[in-house]
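Asker: Take this structure, written in structure tokens, and hold onto it; I'll ask about it next.
The values are calculated or read from the model by the stated rules, or taken from the named source; none is laboratory data. Values in this document were obtained by computation on a predicted structure and should not be read as measured data. Every residue, glycine as well, gets a Cβ built from its backbone with ideal geometry; the counts of neighbours run over all protein chains shown. Remember, those area values only see protein heavy atoms, side chains included, never the ligands or the DNA or RNA. Shrake-Rupley method; radii C 1.70, N 1.55, O 1.52, S 1.80 Å.
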Amino acid sequence: MSLGRIAKLNTGATIPLFGLGTWQSKPDVVKNAVKVALASGYRHIDAAWIYGNEKEVGEAIRESNIPREELFITTKLWNNSHRAEDVLPALNESLKNLGLEYVDLYLM
């Protein structure tokens, strides 16, 4: 479920049009917010390393017991990691923080 609204991308992938943003969410608050959003039907979660709460976002995702393939997870590359040699380490750090093997969208 994605609150019923999705868009089809040119790759054939789909993206839920409603998502929960986690910007400015304190780590001790964001976990519950993500859990409530997922329980309410949200399937798109927007995160970023710079928000400082990826670990808690990932914990909520895992605790939701929603199959990973039913979720669309976005995270972002921060400005201090745009050199070519810094991108992959930054992505790997976000993946580790989130406890995921992949993200669906990595904004750079």
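Asker: Looking at the P(r) of the stretch 49-100, how many percent of alpha-carbon pairs lie beyond 16 Å?
Answerer: Distances greater than 16 Å cover 42 percent of the Cα pairs.
Asker: Full extension from SER40 to GLN24: what is 0.36 nm times the residue separation minus their Cα-Cα distance, to one decimal in nm?
Answerer: Using 0.36 nm per residue and subtracting the Cα-Cα distance, I get 3.7 nm.
Asker: Exposed loop chymotrypsin sites (Phe, Trp or Tyr not before Pro) only (DSSP loop, at most 12 other Cβ atoms within 10 Å): please give the longest stretch of the chain free of them, not including the sites.
Answerer: Result, exposed sites excluded: 24-101.
Asker: Rounded to whole Hz and in sequence order, give me ³J(HN,Hα) for the stretch 9-26 from the Karplus expression 6.51 cos²θ - 1.76 cosθ + 1.60, θ = phi - 60°, writing x for Gly and Pro.
Answerer: Once rounded to whole Hz, the list reads 7, 5, 7, x, 5, 10, 10, x, 7, 9, x, 9, x, 10, 4, 6, 8, 5.
Asker: Quick query: amide H of LEU71 versus all other amide H atoms, modeled in the peptide plane; which residues come in under 5 Å with a sequence gap of 5 or more or a different chain?
Answerer: Those qualifying (amide H under 5 Å, at least 5 residues apart or on another chain) number zero.
Asker: Another question, then. Restricting attention to the stretch 65-108, which trypsin sites (Lys or Arg not before Pro) occupy a DSSP loop and are surrounded by at most 12 other Cβ atoms within 10 Å?
Answerer: When the trypsin sites (Lys or Arg not before Pro) of the stretch 65-108 are filtered for loop state and at most 12 Cβ neighbours within 10 Å, ARG83 remain.
Asker: Using the heavy atoms of the protein chains alone and a 1.4 angstrom probe, what is the accessible area of the chain per residue in square angstrom?
Answerer: 60 Å²
Asker: Oh, and also: So who's got an amide H within less than 5 Å of the one on ILE6, skipping anything under 5 residues away but keeping other chains? H placed 1.01 Å off N, in plane.
Answerer: Here LEU17 satisfy the definition.
Asker: Something else: Using a cut-off of under 15 Å, list every residue of the stretch 78-96 whose amide N is near the label point 7 Å from the Cα of LYS55 along the Cα-to-beta-carbon line.
Answerer: The answer is 93-96, whose backbone nitrogens lie closer than 15 Å to the label point.
Asker: Which pairs break 19 Å Cα to Cα here: LYS8/LYS76; LYS8/LYS55; LYS8/LYS96; LYS55/LYS96; LYS8/LYS35; LYS8/LYS31?
Answerer: LYS8/LYS76; LYS8/LYS55; LYS8/LYS96; LYS8/LYS35; LYS8/LYS31
Asker: For the stretch 38-52, what does the Karplus curve 6.51 cos²θ - 1.76 cosθ + 1.60, with θ = phi - 60°, yield as ³J(HN,Hα) per residue in whole Hz, taken in order and with x for Gly and Pro?
Answerer: For the stretch 38-52, the Karplus curve yields 5, 5, 8, x, 5, 10, 10, 10, 10, 10, 6, 4, 5, 5, x Hz.
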